[in-house]
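Worksheet: the structure to be examined is printed underneath.
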Amino acid sequence: MQDLPVLLSGAVVGVILFQTAVIAPVVFTVIPQPHSATFLRRIFPRFFLLIALLGLLGNGVSVLLGESAQVALTGATVLLALIAYGLIPATNKSRDDGDDRRFKQLHTASVLLTLVVLGLNLSALVA
């Protein structure tokens, strides 16, 4: 039970790396438009919700174990993943409306949130 928060942080890292290193490159090279857009619109909500769920589980266990640093890390994971999830409708709308500037801003925000989550959870693995 003591190692479960770290294991869950490792799962978050694995999910993010798998999505960015395996799923995304395959989608963009194998699946033609507009099918790739349809696929991505289905996968990203699940991606962010899975990260939030793993963070929430880690948070609950960390609270039970009294590990305040891990509580903060997992809480931030949940919060940032849910913010990224919340950006999805606006990101999709900007793409649909052809508002490339807004799409780029929202997409960049989503990527940065994901990178912060990755960094936080990697730090739990090396601590």
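Only the coordinates and a few stated rules stand behind these numbers; no lab work does. Computed from a prediction, not measured in an experiment: that's the story for all the values here. Here Cβ is always computed from backbone atoms with ideal geometry, including for glycine, and neighbour counts include all displayed protein chains.
Points to keep in mind about this one:
- When shorter helices are ignored and each DSSP H run of at least 4 residues is given -39500 (n - 2.57), the per-residue value for the chain at 222 nm works out to -30000 deg cm²/dmol.
- Per-residue Cβ neighbour rank within 10 angstrom, fewest leading, V71, V26, V117: V26, V71, V117
- Virtual spin-label span in nm between S36 and A127, 7 Å along Cα→Cβ: 3.8 nm
- Each of L115, A37, L82 was scored by the projection of its Cα onto the charge dipole of the stretch 4-126, and the greatest displacement toward the positive side belongs to A37; charges sit on the C-beta of Lys, Arg, Asp and Glu.
- Reciprocal mean inverse distance between Cα atoms of the chain - Kirkwood radius, Å: 15.3 Å
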